[in-house]
Amino acid sequence: PSKSQIETCLKEQPLVLTEGVEALMQSLQAKNVDIWLVSGGFRIMIEPIAARLKIPISNIVANTILFDGQGNYESFDTNEPTSRDMGKPKALEQIKAAKGYETMVMVGDGATDAQAKPPAK
């Protein structure tokens, strides 16, 4: 899709958060718990969620769509760990090494989330 098509989609069909997620994020943030969004989805669609949940953009690991000068789809960034199979465990390993975390807890709903155990619990 083009950048404008994605933006139109997000405007016409806003993403809906699961009930209770905002309260959970606020509670974790109040306890200075770092929150990361690690997804095989696209950054352009995840950034609005991060903003709503007050999660820094720097705490997103997701696929980046590359657009040409006119905003048309060109490709995607293959350097993102989540752009390939077993990308979530790789992303979590990179985060753990960079931040020195001893424990990581992951919440997910799919097969690629299950692949991330370990390093997550």
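Pick from LEU66, LEU92: which is under 15 Å from the mean Cα position of the chain (by Cα) and not acidic (Asp, Glu)?
Being under 15 Å from the mean Cα position of the chain (by Cα) and not acidic (Asp, Glu) holds for just one of LEU66, LEU92, which is LEU92.
Looking at region 109-121 only, could you name the residues that are outside any helix (DSSP H, G or I) and either open to solvent by 90 Å² or more (accessible area, probe 1.4 Å) or out of contact with any helix residue (DSSP H, G or I) (no Cβ under 7 Å at 6 or more places or on another chain) (or both)?
ASP109, GLY110, LYS117, PRO118, LYS121
Select the strands (runs of 3 or more DSSP E) contained entirely in region 1-108, then report the ones holding at least 1 residues which are open to solvent by 60 Å² or more (accessible area, probe 1.4 Å).
Details: elements: 37-42, 60-63, 65-67, 73-76.
Result: 37-42, 65-67, 73-76.
With respect to the numbered conditions (1) in contact with a strand residue (DSSP E or B) (Cβ under 7 Å, 6 or more places away or on another chain); (2) in contact (Cβ under 8 Å) with a residue 40 or more places away in the chain, which one is the sole condition not fulfilled by SER75?
The number of the failed condition is (2).
The values are calculated or read from the model by the stated rules, or taken from the named source; none is laboratory data. Just so it is clear, the structure is predicted and the values come from calculations on it, not from any experiment. Using ideal geometry, Cβ is built from the backbone for each residue, glycine included, and neighbour counts are taken over all protein chains shown. Only protein heavy atoms, including side chains, enter the accessible area calculation; ligands, DNA and RNA are left aside. Shrake-Rupley method; radii C 1.70, N 1.55, O 1.52, S 1.80 Å.
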